[in-house]
1. Find how much the distance from Lys121 to Thr158 grows on full extension, using 0.36 nm per residue of separation minus their present alpha carbon separation; answer in nm with one decimal.
2. If you keep only loop residues by DSSP, which trypsin sites (Lys or Arg not before Pro) in segment 151-221 have at most 13 other Cβ atoms within 10 Å of their Cβ?
3. Amide H of Asn211 versus every other amide H placed in the peptide plane: which residues, excluding those fewer than 5 positions away on the same chain, fall under 5 Å?
4. Only bridges whose two residues both fall in the chain count here: according to DSSP, what percent of them are antiparallel, nearest 5?
5. For the modelled label position 7 Å from the Cα of Lys98 along Cα-to-Cβ, which residues of segment 39-64 have backbone nitrogen atoms closer than 19 Å?
6. Each residue of segment 62-72 in turn: what ³J(HN,Hα) in whole Hz from Karplus with 6.51, -1.76, 1.60 and θ = phi - 60°, glycine and Pro shown as x?
7. Report the local net charge at Lys98: Lys and Arg +1, Asp and Glu -1, summed over other residues whose C-beta lies under 11 Å from its C-beta.
8. Please identify every one of the chymotrypsin sites (Phe, Trp or Tyr not before Pro) in segment 172-231 that sits in a loop by DSSP and has no more than 14 other beta carbons within 10 Å of its own beta carbon.
Amino acid sequence: VYGYSSYQELISIKKKLIQFKPKVLLIHQGWNEEFNFSSLDLGKNFKPKQARKYYESYFFFCNNIAFFPRYLLSIILILRKFRRNRLLDGKMQFSNPKRWQVLLNPDYLKAWFENIIEIQKICHKYSIKLFLIKYPSLVNISDSEKNRSTYIKSSRLTSHHAEYQAIAKARIDEMLSLISPYFNIIDADSDFNKFQNKERLNLFSDEIHLNKSGEKLLAKAIHSRLLISNYKSNLKNTFPSSKKL
């Protein structure tokens, strides 16, 4: 689900997905972990294991508000403008050095990791094969100056946003690399490496999401690796602790 954090997906898996008795579960997570953390006053108000409601997540960038009169549109719009000006257009600007310090904070990664462990335990209980997807993004820290310039000119990215996005992607990749001894990870990202500049742009609808052509390439990458994993008898199914990171 677009916009979901790993904890929201954990809840969805517990309450809904297992009812369909799947044999395989593919999850793509990481991007929303950092934004969920940053949008709570750059992590100061972040609480692990919290599923924020719609308005709190996308309008007010805050924790859940008890007894909020959601039917009063005027109040919602006033509060949204206040919060957007204060946080999204203020503290969360990519020109703010404090926003960049979020990328050095391990708390959002630890919270994500704990949720993945819970998902893995559910999969073990119901004999579901779990795979984590290493997903591509438009920009990477290895971009050439020419390619990065093309991506910025042809998307909503600014130079600061593009660099932040590239480092955030590197943090996700680092996380997946650290936990790879314990989880089955499908590297769909590598199939996109040969596409650079305008060819790469033609696979994305924005800096994160793929378009139809990109989704088709992603599906092929996942399918080919699932076929390979089907012949492996040693799929990982251990339960590491966050202390191991």
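1. Numbers: separation 37, 0.36 × 37 = 13.32 nm, distance 4.04 nm.
This chain segment gains 9.3 nm when fully extended.
2. Working: sites: Lys153, Arg156, Lys169, Arg171, Lys194, Lys198, Arg200, Lys212, Lys216, Lys220; in loops: Arg156, Lys194.
Loop-located and lightly packed - Arg156, Lys194.
3. Phe204, Ser205
4. Details: 1 of 8 bridges.
Roughly 10 percent of the DSSP beta bridges within the chain come out antiparallel.
5. From segment 39-64, the list is 39-47, 60-63.
6. 8, 6, 4, 9, 6, 6, 7, x, 5, 7, 8
7. Values: positive: Lys44, Lys91, Arg99; negative: Asp41.
Local charge sum for Lys98: +2.
8. Values: sites: Tyr182, Phe183, Phe192, Phe195, Phe204, Tyr231; in loops: Tyr182, Phe183, Phe195, Tyr231.
In loop regions of segment 172-231 (DSSP not H, G, I, E or B), the sparsely surrounded chymotrypsin sites (Phe, Trp or Tyr not before Pro) are Tyr231.
The values are calculated or read from the model by the stated rules, or taken from the named source; none is laboratory data. Nothing here was measured: the structure is a model prediction, and the numbers come from that model. Cβ atoms come from the backbone with ideal geometry, glycine included; neighbour counts cover every protein chain shown. For the accessible areas, the whole protein counts, side chains as well, though only heavy atoms, and no ligand, DNA or RNA atoms are used. Shrake-Rupley method; radii C 1.70, N 1.55, O 1.52, S 1.80 Å.
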